[in-house]
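The structure appears right after this line, and notes come after that.
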Amino acid sequence: MNTFTLITALITISALISYINNRFIKLPGTIGVIVVSLILSLLISLTGKIFPDAFTFIKDVTNGIDFTGTLLDIMLGFLLFASALHFDFNKLKAQRYPVLVLSTVGVIGSTFIFGFLLYWATELMNIDIPLVYCLLFGALISPTDPVAVLSILKKSKVPPALETIIGGESLLNDGTGILLFVILKEVAGQADTHVSLSHAVALFSQEVFGGILLGVVSAIVAYRTMKRVDDFNIIVMVSLSMVMVISVVGAMLHVSIPLAAVSAGLILGNTSLGTKNAEEIQHYFHNIWSLIDELLNTILFVMIGLQIVLMPFLKNYWFTGLVATIFVLVARALSITIPAVVLRRSLKTDYKSITILVWAGLRGGISVALALSLPDSDYKEIILSASYFVVLFSIIVQGLTLKKVVDRMV
């Protein structure tokens with residue numbers, strides 16, 4: 001299947017699934033899309049022998065997509081830039097302490113709490129998973145997914161300050177999570193690898209500060225270019241080019257593409273574009289990127305749903321997936337509660353806010369993509385399957401009940 005045919009099939013399937021959800025099922029956008037995609041995948045898998053052509057077609061489409069590369073190297077930059085573009089920087093600045101704590105200390109704490117809990121549980125269940133792989137699983141599943149979180153928050157009535165904390169955390173915690181994932185992946189791949197503190201600090205600095213610097217420089221160049229023209233088409237093309245350059249250069253320099261995209265989005269989203277009719281240009285500019293955001297979100301969640309066609313081993317690990325789902329919630333609750341108690345004056349959170357923060361911590365495509373990027377080993381299948389369970393529970397169950405939790409707590 002050539003590239004154009006593959007893209008055509010994916011967009012057509014996405015349009016069909018969106019139509020079915022909008023016309024008949026009527027679930028909230030992203031949740032409905034992944035539910036319909038999941039049902040479609042299950043039906044095709046179960047009726048594969050009855051309709052072999054349909055099963056082969058969907059499998060070829062899914063096989064033809066490099067999910068990890070497509071999401072992390074291409075789509076994520078666009079999705080994060082679009083999300084950050086609509087983020088109020090002043091609100092983010094006002095909540096900077098809880099956002100920074102949750103996106104760093106919270107992710108690290110959740111990774112290790114989850115890892116040790118899973119290792120203890122697998123020992124009890126006589127499942128052989130080394131501690132380093134349990135921690136690796138924790139690193140890829142602990143960061144909240146900005147795509148899933150921000151798409152769900154749009155439909156909920158979370159208090160503004162809390163919404164800023166949840167959204168800001170999801171935008172910024174990828175750097176910490178991916179850094180931990182990379183270090184632990186090196187340790188897991190080579191038993192004799194020694195990762196020193198200086199190496200970890202250097203890697204962190206390169207990923208985080210390099211990513212932020214790339215985003216800031218890219219945004220300044222793009223802004224000065226946009227400021228000199230009044231042609232809306234040129235402004236949109238410059239912004240598209242900037243995001244693409246961030247993805248390409250970020251991969252070459254081994255810096256954080258997510259943080260670069262977020263930095264650029266925050267800058268351009270809080271500045272005036274164009275020399276004439278700036279307010280009108282800004283309005284249309286945001287609308288165009290909202291459309292791009294919605295389209296890519298739909299395609300991403302369809303891709304997540306269709307992945308089940310390639311996961312026939314899910315049935316073998318349903319109990320591990322259930323245990324992992326519980327431990328993810330426990331780890332997030334503890335990683336939020338402990339800093340909140342220690343830094344209660346700075347964070348200013350109570351148990352109601354903590355409950356909402358825990359339940360709003362959705363996982364999504366990034367966790368699946370990182371799990372798929374794991375090198376082949378005896379533990380990849382169980383981690384990938386459990387990751388998929390956590391992501392589906394997170395998006396469908398937590399996403400559908402978030403409004404009720406918010407209404408109860410507020």
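The values are calculated or read from the model by the stated rules, or taken from the named source; none is laboratory data. Just so it is clear, the model here is predicted, and its values are computed rather than measured. Positions of Cβ are backbone-derived with ideal geometry, glycine not excepted, and every protein chain shown enters the neighbour counts. Protein only, heavy atoms only, side chains kept; ligands, DNA and RNA dropped before computing areas. Shrake-Rupley method; radii C 1.70, N 1.55, O 1.52, S 1.80 Å.
Assorted remarks:
- Relative contact order, percent, the chain [alpha-carbon distance under 8 Å, six or more residues apart]: 28
- Å² of accessible area per residue within the range 3-64, as computed with a 1.4 Å probe and no ligands counted: 60
- Cα-Cα over 26 Å, subset of Lys26/Lys404; Lys91/Lys352; Lys157/Lys352: none
- Cα gyration tensor category, rounded, prolate or oblate, for the chain with a/c compared to 1.5: rounded
- Counting only aspartates and glutamates at least 8 places from Lys155 when in the same chain, those with an alpha carbon closer than 12 Å to its own are Glu163.
- Taking the range 43-148 and dividing mean pair separation by its residue count, relative contact order in percent (alpha carbons under 8 Å, at least six apart): 22
- Between Ser205 and Ser290, the FRET efficiency estimated from the beta carbon spacing at R0 = 30 angstrom works out to 0.35.
- Whole-percent carbon and sulfur share, accessible surface of the range 67-409, 1.4 Å: 65
- Protein-only accessible surface order, largest first, of Ile220, Ile178, Ile17 at 1.4 Å: Ile220, Ile178, Ile17
- The length gained on full extension between Ile234 and Asn126, counted as 0.36 nm times the residue separation minus their Cα-Cα distance, comes to 32.8 nm.
- An oblate overall shape is assigned to the range 134-250, the ratio a/c of its alpha-carbon gyration tensor axes (a ≥ b ≥ c) being 1.5 or greater and a/b not exceeding b/c.
- Candidates Ala139, Ala15, Ala369: whichever shows maximal mean-square fluctuation once the chain is modelled as a Gaussian network with Cα springs under 10 Å: Ala15
- CD proxy at 222 nm, helix term only [per DSSP H run n ≥ 4: -39500 (n - 2.57); per residue of the chain; nearest 500]: -24000 deg cm²/dmol
- Taking all protein chains into account, the per residue accessible area for the range 67-409 stands at 43 Å² (1.4 Å probe).
- Whether the range 3-64 is rounded, prolate or oblate, judged on the alpha carbon gyration tensor where a/c under 1.5 counts as rounded: oblate
- Shown for the chain are the DSSP H helices of 20 Å or more along their axis, judged by Cα atoms, with a mean Kyte-Doolittle hydropathy of at least 0.0: 3-20, 29-46, 107-124, 174-189, 197-227, 232-253, 278-306, 318-342.
- Here the Gaussian network model covers the chain, with springs between Cα atoms less than 10 Å apart; of Phe285, Phe78, Phe51, Phe51 fluctuates the most.
- Computed extension length for His283-Ile20: 91.6 nm, one decimal, from 0.36 nm per residue of separation with the Cα-Cα distance subtracted.
- Remark: relative contact order (the range 320-389) = 49 percent; criterion is Cα-Cα distance under 8 angstrom and separation of 6 or more residues.
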